[in-house]
Amino acid sequence: MDFKQCPLKYRLRAIDRIPEPPSRHAVRGTVVHAVLEDLYGLPAADRGPERAAALVEPAWARVLAAQPEIAELVAADGLTPFLAEVRALVDSYYQLEDPTRFEPESREARVEVELDDGVLLRGYVDRIDVAPTGELRVVDYKTGRAPGLTHETKALFQLKFYALVVLRTRGVLPAQLRLIYLADRQILTYAPDAEELGRFERTLSALWAAVREAGRSGEFPPSTSWLCGYCDYKPLCPEYGGTPPPYPGWPEGDGESPDETLAEAVAD
Ligand code: SF4
């Protein structure tokens, strides 16, 4: 999606690997995900809302221990309101699903598959549910709002990506993909069909071929859009008076598989 939106942004993020500063919004999302993951680690009967609220502080402590630099970011507006926002989002979850009524098959599962033409796809799936009938549901939590029309393409891209990885790793077409938007308490569902995923697989392969070609030539032109307003690379962007660093070259032979770059970008 980054490459399609702006090749230069993709380059700076995935090839130069220039870190983007963590945002308060992203940190809040990480803590909410940690709480929901912990919640499903408890016996079903213990997954009530009070118990979930009690998981917030330990989850925050864990996230903070892994990224001590976020302390300042959160402290700027106060830790108490930050934790209250996390609790409110976790509480919203109970309007959408009842975690005491089912047992997920997996949480935060790392999924990875190599397509026939060698493209490696990788991502983390928040939750996979399997019905007694064998039907499979892939669930992803979002702490933001459900997308309007402009963002829907991105959400669908991600859903199809997960569906394809599950289809190729398990040989099972997921019956449903579900995006849960906690901020406005909405659920976006999608029932994929095998033919559509076949087309999507060809799209990913073509996209990856375009990325590799750009990687060889070093041509990653900036492409402006309203999303520039959210781009952390603006100071390095020629469209905004900046100068990107010299192209470091395709990261082949540095111990990382170059094919992983696509998967990481998509998983973001
Ligand atoms: S500011 Fe806009 S054009 Fe420049 S790198 Fe970011 S997304 Fe691309």
Considering only residues that are surrounded by 15 or more Cβ atoms within 10 Å (Cβ to Cβ), outside any helix (DSSP H, G or I) and of a type in the set (D, E, K, R), which ones fall in region 1-19?
ASP16
Of everything in region 227-241, what is of a type outside the set (Asp, Glu) and either within 8 Å of the ligand (Cβ to nearest atom) or open to solvent by 70 Å² or more (accessible area, probe 1.4 Å) (or both)? Give them in sequence order.
LEU227, CYS228, TYR230, CYS231, TYR233, LYS234, PRO235, LEU236, CYS237, PRO238, TYR240, GLY241
Which condition breaks for VAL32 when tested against (1) touching a residue at least 40 places away in the same chain (Cβ under 8 Å); (2) part of a helix (DSSP H, G or I); (3) surrounded by fewer than 12 Cβ atoms within 10 Å (Cβ to Cβ)?
(3)
Give just the number: which of (1) touching a residue at least 12 places away in the same chain (Cβ under 8 Å); (2) within 16 Å of the ligand (Cβ to nearest atom) does LEU55 not satisfy?
(2)
Subset of region 87-123 (residues that are open to solvent by 50 Å² or more (accessible area, probe 1.4 Å) and among the β-branched types (Val, Ile, Thr)):
THR100
Taking region 81-135, which residues are acidic (Asp, Glu), within 17 Å of GLU37 (Cα to Cα) and within 22 Å of the chain's Cα centre (by Cα)?
ASP91, GLU97, GLU105, GLU108, ASP126, ASP129
Take ALA45 and tell me if it is modelled with pLDDT under 95 and either touching a strand residue (DSSP E or B) at 6+ places or on another chain (Cβ under 8 Å) or open to solvent by 70 Å² or more (accessible area, probe 1.4 Å) (or both).
no
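A quick yes/no check of all residues on (1) among the hydrophobic types (A, V, I, L, M, F, W, C); (2) open to solvent by 60 Å² or more (accessible area, probe 1.4 Å); (3) modelled with pLDDT under 95; (4) within 30 Å of PRO222 (Cα to Cα):
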| position | (1), (2), (3), (4) |
| --- | --- |
| ALA26 | yes, no, yes, yes |
| PRO49 | no, no, no, no |
| ALA76 | yes, yes, yes, no |
| PHE82 | yes, no, no, no |
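Among ALA209, ALA191, ALA163, ALA183, which is the only one that is crowded, with 17+ Cβ neighbours inside 10 Å and not aromatic (Phe, Trp, Tyr)?
Being crowded, with 17+ Cβ neighbours inside 10 Å and not aromatic (Phe, Trp, Tyr) holds for just one of ALA209, ALA191, ALA163, ALA183, which is ALA163.
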What number of residues in region 1-47 are small (Gly, Ala, Ser) and either more than 27 Å from VAL74 (Cβ to Cβ) or within 16 Å of the ligand (Cβ to nearest atom) (or both)?
4
Return yes or no: is ILE70 modelled with pLDDT of 95 or more and either within 21 Å of the chain's Cα centre (by Cα) or surrounded by 18 or more Cβ atoms within 10 Å (Cβ to Cβ) (or both)?
no
Is there a residue being within 14 Å of the ligand (Cβ to nearest atom), modelled with pLDDT of 90 or more and not in a loop (DSSP other than H, G, I, E, B) anywhere in region 198-211?
no
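The values are calculated or read from the model by the stated rules, or taken from the named source; none is laboratory data. Predicted model, so just to flag it, every value in this text is computed and none were measured. Positions of Cβ are backbone-derived with ideal geometry, glycine not excepted, and every protein chain shown enters the neighbour counts. Quick note on the areas: whole protein, heavy atoms, side chains included, nothing else; ligands and nucleic acids left out. Shrake-Rupley method; radii C 1.70, N 1.55, O 1.52, S 1.80 Å.
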